[in-house]
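Chemist: Sending over a structure as structure tokens; questions will come in a sec.
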């Protein structure tokens, strides 16, 4: 009691303990994970042979594409564009529940609202709590009971095919084993074998036990931090509660019935929202990582006119020789003055070269 | 230091007028005192008397009434307005209020969290030590055979009890106003699922618990400020200003690295309790963060209060 400085010991010790704890936590998570040695092909086989179709988990998605910050509020026309762009930028938390091939629920979380996509057999519901709307569609039977083409191959075949497909322009290697959502995982690293692309590498972490991909990271060529990252922060392989997949729209919600276009292989997550018209005529120039998609000018130019009058357009793009370009860390888009659109994971200069051909 | 002092045997009352939680503490006090004679009954008497003083104060009631007015005003305004609130305008869930009165409580909390709740908590917690010092009653409190550490703990528990009372007041007033003015039925969660009335009340209680926990870090900071000064208004203002500054920092995207460390960062994440299935991850993250603030500022307050010369 005669030494008053002793009374200040906790005030120094507590921050010290907190700092040590904060610094130690990532070290522990990043510690080397002991897993049996495997070759890239064996990991590919493991991933391809993954029969996991029953799990639940939380996904963390973040993108840093180097796009300018978008205004979060605005008039309706702007907000619809930024709604779409919002999925590309920023970060999201998504909860996923999957029970078998035909029961799934995806919840995209926002601070005070949530978007739900629920598939239960052939019933598909899309619910948005922000404006309390629900949309329902019925999948054609063929699509509901369809077998994925992968099932006709053995995992080993699939791994071979994949390796044969990618090897000419991709280097497949294994990175450090990691730990994701508390599970040991192998990391497959795909590195483009060309300098022309903006993509530096793609890393896929594969659960060492089940073969389920637990994390996908896309790195830009000169960045240490991933430009796109999707990772499980929690995952469980127990069957989710059956109640989760039985959805009835809440009282008071605006319910719309949508019919799927007769296209056979339409997937439920492509809900008819944005215009899906006249995207015919697009051509792909080149193959592999530095391929460029070229869209010729549409006859009436209406879609483009709507786009170019949006205030966001001038904010996102910059004037370059022959048009306006959008630069991001992974993707470039060039819209020429005559209305053609070029896009690809390449530099704007290469897009200009393709446009000039 | 409190352990070395003689125990004169205090008067631990059941305190029926201060609610079940406090009665529980008093009961725990009795069992604790039975096993550990070194912990004097007088210490628990100090807690009971602190809670008594706090909740008998007219100022406390005025603060709680002001908080209760927030959801009531919202409910009345929506009821009297001829226009249906449209989705996406005004505070979240406002458009749901006309369909289900229980959302009055949620909207009331959302409106109260940024300013009204920190304001009232700041007023109460800023007054804890500085108020006694300012009135010249602090040294009389220290004459009680409980010691400075226990006095600090008692003051903090009093502030925490006020946090709980404040949150429960907003929720209760909201539920009552909703019951009186709007139809009440099954509750639509953010995920689009509906739950029955009993579960809705359960969720409302969970949310009240979440918001109470959210305010514990701020209370610890306010307690520390209160040990620094003999002018209670100074401690109150510092606490309230800090809570506003923190929320401003939390809204700046340039400071994203700092956000998870701000005590207000998870304040509005109680919405996670309105998802289906309930997501407790933000509850846990919030509780951990608040515990960190409590430890840090508790240690600072300990250092300051135990080395301080009490002159008044």
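The values are calculated or read from the model by the stated rules, or taken from the named source; none is laboratory data. Nothing here was measured: the structure is a model prediction, and the numbers come from that model. Here Cβ is always computed from backbone atoms with ideal geometry, including for glycine, and neighbour counts include all displayed protein chains.
Chemist: Examine the range A:99-108 for a residue that is in a strand (DSSP E or B), touching a strand residue (DSSP E or B) at 6+ places or on another chain (Cβ under 6 Å) and within 7 Å of chain B (Cβ to nearest Cβ), and state whether such a residue exists. Full working, then the answer.
Modeler: First, the residues of the range A:99-108 that are in a strand (DSSP E or B): A:99, A:103-108.
Okay, now just the ones that are also touching a strand residue (DSSP E or B) at 6+ places or on another chain (Cβ under 6 Å), so A:99, A:103-108.
Those still in the list that are within 7 Å of chain B (Cβ to nearest Cβ) too: A:107.
Yes: the range A:99-108 contains one or more residues that are in a strand (DSSP E or B), touching a strand residue (DSSP E or B) at 6+ places or on another chain (Cβ under 6 Å) and within 7 Å of chain B (Cβ to nearest Cβ).
Chemist: Against the condition surrounded by fewer than 16 Cβ atoms within 10 Å (Cβ to Cβ), modelled with pLDDT under 90, within 14 Å of another protein chain (Cβ to nearest Cβ) and over 22 Å from the mean Cα position of the chain (by Cα), how does residue A:157 come out, does it pass? First the steps, then the outcome.
Modeler: Values: surrounded by fewer than 16 Cβ atoms within 10 Å (Cβ to Cβ): yes; modelled with pLDDT under 90: yes; within 14 Å of another protein chain (Cβ to nearest Cβ): no; over 22 Å from the mean Cα position of the chain (by Cα): yes.
It is false that residue A:157 is surrounded by fewer than 16 Cβ atoms within 10 Å (Cβ to Cβ), modelled with pLDDT under 90, within 14 Å of another protein chain (Cβ to nearest Cβ) and over 22 Å from the mean Cα position of the chain (by Cα).
Chemist: Only one of A:265, A:278 is at pLDDT below 70 and farther than 30 Å from residue A:130 by Cα; which?
Modeler: Numbers: A:265 fails: farther than 30 Å from residue A:130 by Cα.
One residue alone meets the criteria, A:278.
Chemist: So which residues in the range B:89-104 are more than 15 Å from residue B:77 (Cβ to Cβ) and more than 10 Å from chain A (Cβ to nearest Cβ)?
Modeler: B:102, the sole residue that qualifies.
Chemist: Out of everything in the range A:227-246 that is part of a helix (DSSP H, G or I) and either surrounded by 14 or more Cβ atoms within 10 Å (Cβ to Cβ) or touching a helix residue (DSSP H, G or I) at 6+ places or on another chain (Cβ under 9 Å) (or both), what residue ends up being farthest from the other protein chains (Cβ to nearest Cβ)?
Modeler: Filtering the range A:227-246 down to residues part of a helix (DSSP H, G or I) leaves A:242-245.
Then drop every residue that is not either surrounded by 14 or more Cβ atoms within 10 Å (Cβ to Cβ) or touching a helix residue (DSSP H, G or I) at 6+ places or on another chain (Cβ under 9 Å) (or both), which leaves A:244-245.
Values: A:244: 7, A:245: 11 Å.
Going through the qualifying residues, I end up with A:245.
Chemist: Does any residue of the range A:97-107 turn out to be under 25 Å from residue B:107 (Cα atoms), surrounded by 17 or more Cβ atoms within 10 Å (Cβ to Cβ) and either in the same structural domain as residue A:248 (by TED's automatic domain parsing) or at pLDDT 85 or above (or both)? Please lay out each step first, then the result.
Modeler: Taking the range A:97-107 first, the residues under 25 Å from residue B:107 (Cα atoms) are A:107.
Within this subset, residues satisfying the condition of being surrounded by 17 or more Cβ atoms within 10 Å (Cβ to Cβ) are A:107.
Add one more test, that the residue is either in the same structural domain as residue A:248 (by TED's automatic domain parsing) or at pLDDT 85 or above (or both), and what stays is A:107.
There is at least one residue in the range A:97-107 that is under 25 Å from residue B:107 (Cα atoms), surrounded by 17 or more Cβ atoms within 10 Å (Cβ to Cβ) and either in the same structural domain as residue A:248 (by TED's automatic domain parsing) or at pLDDT 85 or above (or both).
Chemist: For the range B:64-92, what are the residues that are crowded, with 19+ Cβ neighbours inside 10 Å and part of a loop (DSSP other than H, G, I, E, B)?
Modeler: Result: B:87, B:92.
Chemist: Name the residue, out of A:39, A:58, that is modelled with pLDDT of 70 or more and farther than 30 Å from residue A:171 by Cα. Spell out how you get there, then give the answer.
Modeler: Details: A:39 fails: farther than 30 Å from residue A:171 by Cα.
The unique qualifying residue is A:58.
Table: residues versus (1) in contact with a helix residue (DSSP H, G or I) (Cβ under 6 Å, 6 or more places away or on another chain); (2) at pLDDT below 85; (3) more than 14 Å from every other protein chain (Cβ to nearest Cβ); (4) in a loop (DSSP other than H, G, I, E, B).
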{"position": "A:261", "(1), (2), (3), (4)": "no, yes, yes, yes"}
{"position": "A:274", "(1), (2), (3), (4)": "no, yes, yes, yes"}
{"position": "A:293", "(1), (2), (3), (4)": "no, no, yes, no"}
{"position": "A:300", "(1), (2), (3), (4)": "no, yes, yes, yes"}
{"position": "A:305", "(1), (2), (3), (4)": "no, yes, yes, no"}
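Chemist: Examine the range B:140-149 for a residue that is within 14 Å of chain A (Cβ to nearest Cβ) and within 24 Å of the chain's Cα centre (by Cα), and state whether such a residue exists.
Modeler: Yes: the range B:140-149 contains one or more residues that are within 14 Å of chain A (Cβ to nearest Cβ) and within 24 Å of the chain's Cα centre (by Cα).
Chemist: Could you pull out every one of the helices (runs of 4 or more DSSP H) wholly within the range B:102-200 that has 2 or more residues that are under 30 Å from residue A:135 (Cβ atoms)? Working first, answer last.
Modeler: Numbers: elements: B:103-112, B:116-135, B:138-143, B:147-181.
In the range B:102-200, the matching helices (runs of 4 or more DSSP H) lie at B:103-112.
Chemist: Quick one: residue A:70 ticks every box in (1) surrounded by fewer than 17 Cβ atoms within 10 Å (Cβ to Cβ); (2) under 21 Å from residue B:255 (Cβ atoms); (3) modelled with pLDDT under 65 bar one, so which box is it?
Modeler: So residue A:70 meets the others, but not (1).
Chemist: Test each condition in (1) under 15 Å from the mean Cα position of the chain (by Cα); (2) under 30 Å from residue B:305 (Cβ atoms); (3) within 14 Å of chain A (Cβ to nearest Cβ) for residue B:224 and report the one that comes out false.
Modeler: Failed condition: (1).
Chemist: Looking at the structure I just gave you, is residue A:137 more than 12 Å from every other protein chain (Cβ to nearest Cβ), at pLDDT below 75 and either crowded, with 16+ Cβ neighbours inside 10 Å or in a loop (DSSP other than H, G, I, E, B) (or both)? Explain how you work it out, then say what you get.
Modeler: Values: more than 12 Å from every other protein chain (Cβ to nearest Cβ): yes; at pLDDT below 75: no; either crowded, with 16+ Cβ neighbours inside 10 Å or in a loop (DSSP other than H, G, I, E, B) (or both): yes.
No.
This table checks each residue for (1) closer than 18 Å to residue B:219 by Cβ; (2) assigned to a loop (DSSP other than H, G, I, E, B); (3) touching a helix residue (DSSP H, G or I) at 6+ places or on another chain (Cβ under 8 Å).
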position	(1), (2), (3)
B:263	yes, yes, yes
B:278	no, yes, yes
B:292	yes, no, yes
B:296	yes, no, yes
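Chemist: I want to confirm something. Restricting to the range B:273-292 and keeping residues that are more than 11 Å from every other protein chain (Cβ to nearest Cβ) and free of Cβ contacts under 8 Å to residues at least 40 places away in the same chain, which single residue is farthest from the chain's Cα centre (by Cα)?
Modeler: This residue is B:280.
Chemist: Checking residue A:46 against (1) closer than 30 Å to residue B:302 by Cα; (2) buried (at least 16 other Cβ atoms within 10 Å of the Cβ), which test does it fail?
Modeler: (1)
Chemist: Taking the range A:339-356 as the region of interest, how many residues are outside any strand (DSSP E or B) and in contact with a strand residue (DSSP E or B) (Cβ under 8 Å, 6 or more places away or on another chain)?
Modeler: Just the residues of the range A:339-356 that are outside any strand (DSSP E or B), to begin with: A:339-340, A:345, A:347-356.
Going one step further and asking which of them are in contact with a strand residue (DSSP E or B) (Cβ under 8 Å, 6 or more places away or on another chain), we end up with A:340, A:345, A:347-348, A:350-352, A:354-355.
Matching residues across the range A:339-356 total 9.
Chemist: Follow-up question, since we're still on this one. Within the range A:188-212, work out how many residues are under 16 Å from residue A:36 (Cβ atoms) and outside any strand (DSSP E or B).
Modeler: 4
Chemist: If you don't mind, another one. Picking from B:258, B:300, B:295, which residue would you name as being at the interface with chain A (Cβ under 9 Å from one of its Cβ atoms), surrounded by fewer than 21 Cβ atoms within 10 Å (Cβ to Cβ) and modelled with pLDDT of 90 or more?
Modeler: B:295
Chemist: In contact (Cβ under 8 Å) with a residue 60 or more places away in the chain and more than 30 Å from residue B:69 (Cβ to Cβ) - does that describe any residue in the range B:121-130? Before the answer, list the steps.
Modeler: Start the filter on the range B:121-130 by keeping residues that are in contact (Cβ under 8 Å) with a residue 60 or more places away in the chain, which leaves B:121-130.
Keeping just the survivors that are more than 30 Å from residue B:69 (Cβ to Cβ) gives none.
No: zero hits.
Chemist: If the requirement is being part of a helix (DSSP H, G or I) and over 13 Å from residue B:125 (Cα atoms), which of these qualifies: B:227, B:246, B:239? Before you say what the answer is, go through the steps one by one.
Modeler: On the way: B:227 fails: over 13 Å from residue B:125 (Cα atoms); B:239 fails: over 13 Å from residue B:125 (Cα atoms).
Just a single option satisfies the conditions, and that option is B:246.
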